[in-house]
Amino acid sequence: MHNQTITELSAGLKAGDFSSEELTCGFLQRIAQHGEALNCFITIAEEQALVAARAADVLIAKGEGGILTGIPMAHKDIFCTKGHKTSCGSKMLDNFISPYNATVVNQLESAGMVMLGKLNMDEFAMGSSNETSYYGAVRNPWDTNCVPGGSSGGSAAAVAARLVPVATGTDTGGSIRQPASFCGITGLKPTYGRVSRFGMIAFASSLDQAGPMTRDAEDAALILQAMAGFDEKDSTSLENEVPDYSAGLNNDLTGLKIGLPKEFFDEGLDSEVAKVIEVAVEEYRKLGAEIKEISLPNMQLSVPTYYVVAPAECSANLSRFDGVRFGYRCENPADLNDLYSRSRGEGFGAEVKRRIMIGAYALSAGYYDAYYLKAQQVRKLISEDFKKAFEEVDVIMGPTAPSTTFGLGEKADDPLSMYLSDIYTIGANLAGIPAMSVPAGFVAGKPVGLQLVGNYFSEGQLLNAAHRYQQVTDWHQRVPAEFA
Ligand code: GLN
């Protein structure tokens, strides 16, 4: 059962081949068997999952419920889940039991999905390897000495190892797509504002966006359908109507214009990864697409721009963790200043502190214009590059990441090299456009992701392009031998 797609599982539930309770127990068993080795779960919500599964079974027996009713899933631990620990991968929130649900949690719950637990992640979603978590590093199921990518590494590892059929993730600079690429799964970052950020612990509010992490594009369409939509609780939520994402999955790709930005194939790209991407692009040519080279001239500025904007916003967002209202509080504070400084000093890890310091510096009087304002101006140029590109092409393609997964610890002491993992993904966040990663092959047994970037609200088109590709390839069906 664990190798079936949502559509297959849903058909099995409706036909009475198995119940949601059986399905849930089956996945909980797999989590018990493999979860620890991968370190991908922070919380397992066994009891609540069984209650939800039984409720789903009652609905299914009455012929009620939808395609997601009774399907197990898990959330990245950045989403507030009522009554459960919501740690965001940090000691700061290790003792935090959320009093409410994130909108995304409510949406998937009302669709009848069964939440099995909360997934490990980089601390406050800052990282590209899932090594900054207070709960320890997550391991990549394709090679357990390697990282799963980050920050949604627990989500990617759990889906790749088939411990859950689907998971949620969040993407501020690549955290859905890069781990999806490293673990050989499908991940979609929607248009900024398409999915509610309410109850999703904020990292960099103008960049953060939640999305599905699944086995394939068909499943991603179903999950996005349930997640997308206006939310009055999120002031940046968009009111545009949500289309039927599954309806266009099989559209013909003849005449689809695909742009390959030459900046995505520069000297920073591993040559073996480049070959895999070339073969994938060739598949699209066979499917009728027209391929042309394009240029995104300001792309090399995306990493430096991001590392001003994201830390600046994070330094403001994380000021709420002060040891007073919730989260970690130091022991025996001498006075208020001691309470603030020791609670934050002891509660945050090294990467989070580094970001807060960079951000506070970039925002400080005298430096604001030179750094933050400048970064916002460059951000605009990067958006303009995409805008111009989409006058010529429908979809932009390239590698999701410059390399395949790397060894645990290999880049842990080299933040700059770690930051470059997101060189091809950050642009979409700065511009607010949708992008996804689909499995496209392997280099020395390690998965490679193909990135598809689209114009605002083109999620349907991206899913269509991904689905057609997945019909003629089987990379997304490969499972790491130990977890088959
Ligand atoms: N790896 C990037 C960072 O460390 C992106 C993280 C993310 O998308 N949440 O900030």
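The values are calculated or read from the model by the stated rules, or taken from the named source; none is laboratory data. Because the structure is a prediction, the values reported are computed rather than measured. Ideal geometry is used to build each Cβ from the backbone, glycine not excepted, and the neighbour counts take in all protein chains shown.
Would a scan of region 353-363 turn up a residue that is among the hydrophobic types (A, V, I, L, M, F, W, C), over 28 Å from the mean Cα position of the chain (by Cα) and part of a helix (DSSP H, G or I)? Within region 353-363, not a single residue is among the hydrophobic types (A, V, I, L, M, F, W, C), over 28 Å from the mean Cα position of the chain (by Cα) and part of a helix (DSSP H, G or I). Taking the criterion of being in contact with a Lys or Arg (Cβ under 8 Å, 6 or more places away or on another chain) and outside any loop (DSSP other than H, G, I, E, B), the residues of region 141-162 that qualify are Asp143, Cys146, Gly154, Ser155, Ala157, Val159. As a summary of the residue check, Ala412 satisfies the conditions (1) within 16 Å of the ligand (Cβ to nearest atom); (2) outside any helix (DSSP H, G or I); (3) in contact with a helix residue (DSSP H, G or I) (Cβ under 6 Å, 6 or more places away or on another chain) except for the one numbered (3).
Just one of the numbered conditions (1) at pLDDT below 95; (2) more than 20 Å from the chain's Cα centre (by Cα) is not true of Arg468: (1).
For Thr404, state whether it is under 22 Å from Gly169 (Cβ atoms), among the hydroxyl-bearing types (Ser, Thr, Tyr), more than 13 Å from the ligand (Cβ to nearest atom) and surrounded by 23 or more Cβ atoms within 10 Å (Cβ to Cβ). Judged against the criteria, Thr404 is a match. Would you confirm, using the coordinates I've provided, whether Cys314 is part of a helix (DSSP H, G or I), touching a helix residue (DSSP H, G or I) at 6+ places or on another chain (Cβ under 6 Å) and either surrounded by fewer than 18 Cβ atoms within 10 Å (Cβ to Cβ) or not acidic (Asp, Glu) (or both)? So Cys314 fits the description; yes.
Candidates in region 121-131 are the residues that are crowded, with 24+ Cβ neighbours inside 10 Å and of a type in the set (D, E, K, R); of these, the one that is farthest from the ligand (Cβ to nearest atom) is Glu123.
Residues in region 168-186: is at least one among the aliphatic types (A, V, I, L, M), closer than 25 Å to Ser417 by Cβ and either within 12 Å of the ligand (Cβ to nearest atom) or part of a helix (DSSP H, G or I) (or both)? So far as region 168-186 goes, yes, one or more of its residues are among the aliphatic types (A, V, I, L, M), closer than 25 Å to Ser417 by Cβ and either within 12 Å of the ligand (Cβ to nearest atom) or part of a helix (DSSP H, G or I) (or both).
Residue-level check: of (1) within 16 Å of the ligand (Cβ to nearest atom); (2) over 10 Å from the mean Cα position of the chain (by Cα); (3) crowded, with 22+ Cβ neighbours inside 10 Å; (4) not in a helix (DSSP H, G or I), Pro165 misses just (1).
Being under 25 Å from Gly153 (Cα atoms) and not in a strand (DSSP E or B) is the requirement here; does Ala49 meet it? Yes: the conditions hold for Ala49. Does Tyr419 fit the bill of being closer than 25 Å to Met213 by Cα, surrounded by 20 or more Cβ atoms within 10 Å (Cβ to Cβ) and under 18 Å from the mean Cα position of the chain (by Cα)? So Tyr419 does not fit the description; no. Checking Ser90 against (1) of a type in the set (S, T, N, Q); (2) within 16 Å of the ligand (Cβ to nearest atom); (3) in contact with a Ser or Thr (Cβ under 6 Å, 6 or more places away or on another chain), which single condition isn't satisfied? So the condition that Ser90 fails would be (3). Suppose the filter is away from the ligand (no atom under 12 Å from the Cβ) and in contact with a helix residue (DSSP H, G or I) (Cβ under 9 Å, 6 or more places away or on another chain); does Gly445 pass it? So Gly445 does not fit the description; no.
If only residues of region 132-156 that are surrounded by fewer than 24 Cβ atoms within 10 Å (Cβ to Cβ), over 17 Å from Leu93 (Cα atoms) and not polar (S, T, N, Q) are counted, the one that is farthest from the ligand (Cβ to nearest atom) is Asp143.
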